[in-house]
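Working notes, beginning with the structure itself.
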Amino acid sequence: MSIVNAREIMVEAAREKYAIGAFNITSLVQMEAVVEAAVEKRAPVIIQTSVKPSKFLGRDVLVAIYRTLAESAPVPVCLHLDHCTDVEYCMKCADSGYTNIMIDASKLPFEDNISETKKVVDYCHSAGNISVEGELGTVGGVEDQIIVAEDEAALANPVQAVEFVERTGVDIFAPAIGTAHGVYKTKNPKIDFERLGKINQMLNGNGVKTPLVVHGGTGLPEEYIQKLLEMGGAKFNVSTELKHTLIDTTYEYISNRRDEYDPGKIDAVVKDATRAVVGRWIDLLGSAGKA
Ligand code: 13P
């Protein structure tokens, strides 16, 4: 049914305090599984690729398959470029047909983050109906080419967050609040819920304008997810869990069937397992039945 940008589906989510699942994929089988799970759950959904898979699968190939899947799905589907540090590559993906672009200039000084982010916002807004995500502060851990040591991770300052959003014109905003990419090393990661709530109040207190994104979904305890929804998280990014699902399922399947050479069967078990993971996240985020 619909090709949408991220902001279009997140405003309603932010208003009603549920969130859109945003799933990083590295293969086309995963991409199909994400859409199938969203259709099963009748949920709006975001497919994401970081830069590496976007380059090795090919952005035009990805967009062609995305459009085919989204056009025949009875739910809204967005294709998002995740954590791109290169303004030119952001523009290329916008030209190819990604519907949401994340320019990640968060490691740069504040003023440079603003000017790099604004270049992408200006381009995407003049190119068409493409929304842009910006980040302030840094999310710890590893996501593709983005590596941030724990002691380097800095939380977003709420006053600067408002200035960043106003001056860049980003459509959706990811403030660093202590969540991290990869697997959490502790059962109780230190997340600054109040910081998210405060930023949400300052940006969206008089009506939702700039919905907020929570990075580092994998491994977040369920009660943390509920609290983050309450505080204004309207998009949750999940990457590591899907990678582990793909590799663990493939390994297990092959280990038990060393004499079988039928790749389609491996794809089928990976797809089933991925669909189950995505479905569980959709339930946790409260987006089931919202499409
Ligand atoms: P995880 O790998 O921890 O799920 O984080 C994903 C993410 O935030 C991608 O931007």
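A few remarks follow.
Residues are listed down the side, and each one gets a yes or a no for (1) part of a helix (DSSP H, G or I); (2) not aliphatic (A, V, I, L, M):
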| position | (1), (2) |
| --- | --- |
| 54 | yes, yes |
| 74 | no, yes |
| 77 | no, no |
| 94 | yes, no |
| 102 | no, no |
| 105 | no, no |
| 111 | yes, yes |
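- Where a residue in region 139-163 is farther than 15 Å from residue 174 by Cβ and its partner, wherever it lies, is modelled with pLDDT under 95 and of a type in the set (Ser, Thr, Tyr), with Cβ under 7 Å and at least six apart: 152/138
- If you go through region 124-138 and keep only what is modelled with pLDDT of 95 or more and either assigned to a loop (DSSP other than H, G, I, E, B) or open to solvent by 70 Å² or more (accessible area, probe 1.4 Å) (or both), you end up with 125, 126, 130.
Here is a yes/no grid of residues against (1) among the hydroxyl-bearing types (Ser, Thr, Tyr); (2) in a helix (DSSP H, G or I); (3) open to solvent by 10 Å² or more (accessible area, probe 1.4 Å); (4) without any contact (Cβ under 8 Å) to a residue 24 or more places away in the chain:
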position	(1), (2), (3), (4)
187	no, no, yes, no
197	no, yes, yes, no
202	no, yes, yes, no
216	no, no, no, no
234	no, no, no, no
254	no, yes, yes, yes
260	no, no, yes, yes
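- The number of residues in region 1-24 that are surrounded by 24 or more Cβ atoms within 10 Å (Cβ to Cβ) and either part of a loop (DSSP other than H, G, I, E, B) or within 14 Å of the chain's Cα centre (by Cα) (or both) comes to 11.
The values are calculated or read from the model by the stated rules, or taken from the named source; none is laboratory data. The model shown is predicted, which means the values in this text are computed figures rather than measured ones. All Cβ positions, glycine included, derive from the backbone under ideal geometry; neighbour counts span all protein chains shown. Each accessible area value is taken on the protein alone, full model and side chains, heavy atoms only, with ligands, DNA and RNA left out. Shrake-Rupley method; radii C 1.70, N 1.55, O 1.52, S 1.80 Å.
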